[in-house]
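Here the structure is laid out as structure tokens; the discussion comes afterwards.
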Amino acid sequence: MKLNKLLITTLFISAPVLAQDRIITESTSTSNINNNSVSETTVKSPPPSAISPGITVINNDLCTVGVAGAVQTQILGISGGSTVRDMNCERIKLAKNLYDMGMKVAAVATLCQDERVFMAMNNAGTPCPVDGKIGAEAKAVWDANPNRHPNTEKERNGESILEKVVPFIGIGMLLLFLL
């Protein structure tokens, strides 16, 4: 009986606990956020590049060479290009055409306009043709007229390295001014 009493007492004590409502907690919060920001973006980019033109000499029968270049500074970019005639190449092509047409003396005379060929022919004991003369007669004319040698003709025609370099010196001075 004692056990029954204990059981009944436990039921009466625990019954109100089981019958109670759940506990509900409510919470409300309010927050206001004001965010003011000022930002500045600076984009620093390099100036456009100066790109030299592509000069293509496709035909291999031409005696020209393409030359191009470009320089870029912070302020200005300059580019340019040109073709340069190869006079020695032209001389060789002319001599070959003369030889192919059967004009062998004229072909040799054309090659003799080059100072190196002129000296090589003299050193070989076969002087270059001049005024329609060959051999010993041509040697006598060359000895009597040293001013007609190819190296002196260049000087007489004003062909010098300085004249070829002057345009590049001008461009260089302009670029130094821009820097």
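Where a number appears in this text, it was derived from the coordinates with a stated rule and is not lab data. Not measured: the values here are computed from a predicted model. In this analysis, Cβ positions are derived from the backbone assuming ideal geometry, glycine residues included, and neighbour counts consider all displayed protein chains.
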Cβ-placed point charges (K, R +1; D, E -1), dipole of the range 87-156 about Cα centre in debye, nearest 20: 120 debye
Residues whose placed amide H lies under 5 Å from that of Thr64, excluding near-sequence neighbours: Asp86
Per-residue ³J(HN,Hα) for the range 24-34, Karplus 6.51 cos²θ - 1.76 cosθ + 1.60, θ = phi - 60°, Hz, x for Gly and Pro: 10, 10, 10, 9, 10, 9, 10, 9, 10, 10, 10
Tensor-based shape of the range 65-104 (alpha-carbon gyration tensor, a/c under 1.5 rounded, otherwise prolate or oblate): prolate
Mean Cβ neighbour count within 10 Å, used as a protection proxy, ranking 64-70, 110-116 highest first: 110-116, 64-70
